[in-house]
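The values are calculated or read from the model by the stated rules, or taken from the named source; none is laboratory data. All of these numbers come straight from a predicted model, not from anything done at the bench. Virtual Cβ from ideal backbone geometry, glycine too; neighbours counted across all protein chains shown.
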Amino acid sequence: MSPAPTQRPGSNRGRPIVHTEPWAKITVVLLDRHVAYLDRLAIDIRLKHGKAISRAEIIRGLIEAAFQSGVDLSQADSIDTLVELLTGAVPKRKAVR
């Protein structure tokens, strides 16, 4: 049996909370292409598996994967470096002229 969902005090609007550990609601600004990617992925998952998944669930899954990867993301000094660390890509060197 799974633990009982947590509930924010005084909040009874919207969908029921299904998180099983403490959580916080935040606002994040994303690029339009990132939102389009999340929406396309959500549609593809629904079509393939018959289950709806929200943008927030996808983002939580991506964060959890990064967390469990064991990669030291504190080495990143930019978004580009963060992506390189997560994908295992070798940084491209600029051509010397």
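For the reader, a short list of remarks on this structure follows.
- Top-ranked residue of the stretch 30-48 - restricted to ones that are over 16 Å from G61 (Cα atoms) and either among the basic types (K, R) or surrounded by 14 or more Cβ atoms within 10 Å (Cβ to Cβ) (or both), ranked as nearest to the chain's Cα centre (by Cα): R33
- In the stretch 44-63, the residues that are over 25 Å from V29 (Cβ atoms) form Cβ pairs under 8 Å with partners that are at pLDDT 95 or above and part of a helix (DSSP H, G or I), at six or more places apart or across chains, as follows: K51/I45.
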